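Okay, so here's the structure we're looking at.
The values are calculated or read from the model by the stated rules, or taken from the named source; none is laboratory data. Since the model is a prediction, treat every value here as computed from it, not as a measurement. Counting neighbours? That spans all protein chains shown, and the Cβs are built from the backbone with ideal geometry, glycine included. Accessible surface areas use protein heavy atoms only, side chains included; no ligands, DNA or RNA. Shrake-Rupley method; radii C 1.70, N 1.55, O 1.52, S 1.80 Å.
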Amino acid sequence: MAREKVRVAVNGYGVIGKRVAGAVLAQPDMELAGVADVVSDYRIKAVAEDIAVYASLPEKLPEMRAAGVPVKGNLHELLETVDVVVDCTPAGIGAKNLERYREHGVRAIFQGGEKHALTGHSFVASENYASALGRDSTRVVSCNTTATVRTLTALRNAGLLKKARGVLIRRATDPWESDHSGVMNTVVPEGRIPSHQGPDAQTVAPDLDVVTIAAKAAHTQSHSHYWIVELTRPASGEEVLEAFRANSRIAFIRMSDGIVALNSTIELMKDLGRPRGDMYEVAIWADVLKAEGNELFYTYQVDNQAVVIPETIDAIRALSGLEPDPLASIRRTDEALGVRQEFLQGPGAA
Ligand SMILES: NC(=O)c1ccc[n+]([C@@H]2O[C@H](COP(=O)([O-])OP(=O)(O)OC[C@H]3O[C@@H](n4cnc5c(N)ncnc54)[C@H](O)[C@@H]3O)[C@@H](O)[C@H]2O)c1
């Protein structure tokens, strides 16, 4: 790569796009060239003073300017100036953009709402960074799939995983859209077993024996996963925690610290000063986990809005060839974002 820093564009400045943009700004080896979207209201106005804004669709440019958004130009102009674009548009729209990105010779990262077949490569940094090196595109898998792959491959890497069966309780909608969508006072099971997350995890780690069942609940912040795992041999809880510890993006929380529900962790992230209260780590309840003979039971929390952000940053380094060593990229990203495995000091912290 000719330049010292990789230049990045973000197309779609929503839940994921705004977090990707913020995370790019935090990387010393990356430069945020601009963001693109189609809206004209607070969602884009709030950022336009600090970051160059472009119109994703040419027909939206006059509308955005008329509303007072200082738009620099159209997406194609932004694409002319960058090495990598991160497409964070709503599910299905990204697929229509791939050819556009290719025409500009820009490497493209998509998010989990797109299908594996779009790029033929699905990404979780700890599992398959190396196979993304130099590719022209990849898809960072969804929040649920990212958490599933991080945790199950940690067990597999320690030689402990035989098969895993999980129940995934998903948030209804994201907080910023809770005024107009979501589910109220009910639970909506996904209409098939396995739910799509198990097979999706296999697009990254095909050797995983995993089945998932999923449901959407009425809350708006973060997902909650429950796993029953058959181990290859009897193992102690401490041995299992050690296996999880090998992945730097798995953190440990405890009921004994007062972290008793999803809202406790969300509050803790805000108390720790995390941007937007984000939790990049998969947070396993260490004092709930139980290993009995060759069976293992555990539950963790996934901050759906944040968990894919470190993976997206690593995907930028992999596609651009900025860093050939997966662990070096993961370390760099973790350091810049403040990723950690223990959030609290004290006797509980192992
Ligand atoms: N929200 C989550 O928890 C979450 C987690 C992981 C992955 N994802 C995936 O990330 C992707 C983005 O999801 P999101 O939740 O950030 O969506 P979002 O709706 O919050 O944001 C999408 C943004 O794209 C903009 N947009 C709409 N049409 C556009 C177009 N034609 N061109 C450019 N921008 C356009 C919207 O105005 C909005 O700002 C999806 O693939 C989704 O499946 C979402």
| query | Heavy-atom accessible area per residue, the chain, 1.4 Å probe: how many Å²? | reply | 41 Å²
| request: Would you mind checking which residues have amide H under 5 Å from THR220's amide H? H placed 1.01 Å from N; only 5 or more apart, or other chain. | output: ALA172
| note | Net charge (Lys, Arg +1; Asp, Glu -1) of residues whose beta-carbon lies under 15 Å from that of SER178, SER178 excluded, is +1
| message | So for the chain, averaging the separation of alpha carbon pairs under 8 Å that are six or more residues apart and normalising by length, what relative contact order in percent results? | response | 17 percent
| query | In nm, to one decimal, how far is the modelled label at ILE93 from the one at ASP271, with both set 7 Å along Cα→Cβ? | reply | 3.7 nm
| Packing-based ranking, highest mean first, of 92-103, 305-316 given that Cβ atoms within 10 Å are counted | 305-316, 92-103
| task | Name the long-range amide H neighbours of ASN74: under 5 Å, sequence gap of 5 or more, or other chain; modelled H, no Pro or chain starts. | result | ALA55
| query | So what's the back-of-envelope 222 nm ellipticity for the chain, counting only DSSP H runs of four-plus at -39500 (n - 2.57) apiece and dividing by all residues, rounded to 500? | reply | -9500 deg cm²/dmol
